[in-house]
1. Quick check on region 223-236. Is at least one of its residues within 29 Å of residue 318 (Cβ to Cβ), in contact with a helix residue (DSSP H, G or I) (Cβ under 6 Å, 6 or more places away or on another chain), assigned by TED's automatic domain parsing to the domain that holds residue 431 and surrounded by 18 or more Cβ atoms within 10 Å (Cβ to Cβ)?
2. I want to confirm something. Restricting to region 67-79 and keeping residues that are without any contact (Cβ under 8 Å) to a residue 40 or more places away in the chain and either outside any loop (DSSP other than H, G, I, E, B) or assigned by TED's automatic domain parsing to the domain that holds residue 416 (or both), which single residue is nearest to residue 364 (Cα to Cα)?
3. Kindly indicate whether residue 399 is buried (at least 18 other Cβ atoms within 10 Å of the Cβ) and not in a helix (DSSP H, G or I).
4. So if I check each of 128, 109, 132, which one is touching a residue at least 60 places away in the same chain (Cβ under 8 Å) and assigned to a strand (DSSP E or B)?
5. Starting from residues that are more than 24 Å from residue 276 (Cβ to Cβ) and surrounded by 18 or more Cβ atoms within 10 Å (Cβ to Cβ), keep the ones in region 88-101 and report whichever is farthest from the chain's Cα centre (by Cα).
6. Tell me which of these residue 292 doesn't satisfy, since it passes every other one: (1) in contact (Cβ under 8 Å) with a residue 40 or more places away in the chain; (2) over 22 Å from residue 368 (Cα atoms).
């Protein structure tokens with residue numbers, strides 16, 4: 001009896017223990033389910049409410065007005081902020097909106113029907129997506145939940161378009177043998193910086209400036225020439241001032257620059273694309289802000305008012321002031337720093353000096369800022385007068401006369417910052433002819 005009772009007691013304890021184990025497992029399971037449900041609700045709430053810094057900036061500038069975001073985008077036949085500004089910029093902001101709002105959903109950007117593209121438009125798109133992605137990484141690290149969407153890029157049927165989107169990293173493969181006319185050669189990738197760095201040594205303008213100069217020098221080396229030390233130093237200072245301008249005009253507090261080269265089929269010509277970008281007030285808006293304290297800005301505004309009210313009536317004050325701001329010695333910060341106002345016009349002049357012009361290989365530079373589009377080619381070069389450089393965009397080389405309306409236009413679409421997009425052709429025979437003694 002005693003042994004039996006003892007065995008019964010052992011069995012009873014085992015039964016109680018297993019029952020408690022089952023209850024513990026059951027309660028733990030319920031708690032985990034409750035916790036998972038709570039985490040999902042919390043994650044969903046965070047994903048809906050937490051927005052990236054760049055997205056909030058675009059909203060603040062009233063550039064995003066859609067509540068719902070799509071996930072599939074077809075790039076049009078012509079994708080260009082220069083030739084199709086409204087259509088292209090709307091598409092860029094729609095893609096930015098989708099990348100921000102469609103967390104963990106796949107987004108498709110289809111280039112299959114695109115047959116013409118400019119480097120500036122994919123540079124802007126890449127900068128925006130990269131900025132949003134960086135902020136999403138920070139959110140993921142902070143909240144331990146996924147914020148980023150996967151983006152699939154579909155190649156174009158046009159290999160020249162593919163060479164561009166391959167060079168910026170949108171697609172992973174490119175068939176060089178199918179398009180020998182434009183073979184991607186090299187790139188600096190996108191370089192960026194900010195004036196509000198955590199440490200003063202983090203301000204990278206000078207480092208980036210000379211990195212860009214070294215890159216251009218390497219391309220020139222490919223055609224058998226090289227820049228002299230003094231010339232490299234000179235170019236570095238010019239690029240540095242353009243980056244200074246980008247910092248000063250930006251209220252997003254970030255600037256971007258990228259250089260990319262393509263080798264042409266003749267093996268002696270390179271197409272070099274140089275892009276500068278900042279988000280913030282336009283050149284015109286920056287000038288307007290400095291108007292009360294800046295004599296040179298008041299002078300160019302008076303001239304802009306005269307031309308805009310003339311019989312031609314083709315130009316508004318904003319576009320004319322953007323053109324006049326390029327003249328040597330004009331800067332919205334001239335009243336604070338007398339060394340300002342030389343970089344952009346001197347860069348344009350030097351850029352045209354280096355570049356090669358032949359048939360369809362025309363070097364050109366575009367400036368998009370606010371509602372202004374400005375085009376510069378070899379047709380209307382900067383000219384020197386009384387020791388200073390000027391550019392009038394007319395045959396008379398006279399700033400008192402209206403510019404060529406094909407080279408200065410007013411866009412209906414507002415660009416929220418300034419994009420300088422340059423395309424230079426560097427050719428061996430041209431360099432031999434210009435620089436051989």
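1. Of all residues in region 223-236, those within 29 Å of residue 318 (Cβ to Cβ) come to none.
No - not one qualifying residue is present in region 223-236.
2. Across region 67-79, the extreme among qualifying residues is 78.
3. yes
4. On the way: 128 fails: assigned to a strand (DSSP E or B); 132 fails: assigned to a strand (DSSP E or B).
Result: 109 is the single residue among 128, 109, 132 that is touching a residue at least 60 places away in the same chain (Cβ under 8 Å) and assigned to a strand (DSSP E or B).
5. Taking region 88-101 as the starting set, the residues that turn out to be more than 24 Å from residue 276 (Cβ to Cβ) are 94, 97-98, 100-101.
Then drop every residue that is not surrounded by 18 or more Cβ atoms within 10 Å (Cβ to Cβ), which leaves 97-98, 100-101.
Working: 97: 16, 98: 18, 100: 17, 101: 21 Å.
The residue in question is 101.
6. (1)
So that you can scan it fast, the table gives a plain yes or no per residue for (1) out of contact with any strand residue (DSSP E or B) (no Cβ under 8 Å at 6 or more places or on another chain); (2) assigned to a loop (DSSP other than H, G, I, E, B); (3) modelled with pLDDT of 90 or more:
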{"position": "55", "(1), (2), (3)": "yes, no, no"}
{"position": "58", "(1), (2), (3)": "no, no, no"}
{"position": "62", "(1), (2), (3)": "yes, yes, no"}
{"position": "81", "(1), (2), (3)": "no, yes, yes"}
{"position": "88", "(1), (2), (3)": "no, no, yes"}
{"position": "95", "(1), (2), (3)": "no, no, yes"}
{"position": "104", "(1), (2), (3)": "yes, yes, no"}
{"position": "120", "(1), (2), (3)": "no, no, yes"}
{"position": "124", "(1), (2), (3)": "no, no, yes"}
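The values are calculated or read from the model by the stated rules, or taken from the named source; none is laboratory data. On a predicted model such as this, the values are computed, not experimentally measured, just so you know. Positions of Cβ are generated from backbone atoms using ideal geometry, with glycine treated the same way; all protein chains shown enter the neighbour counts.
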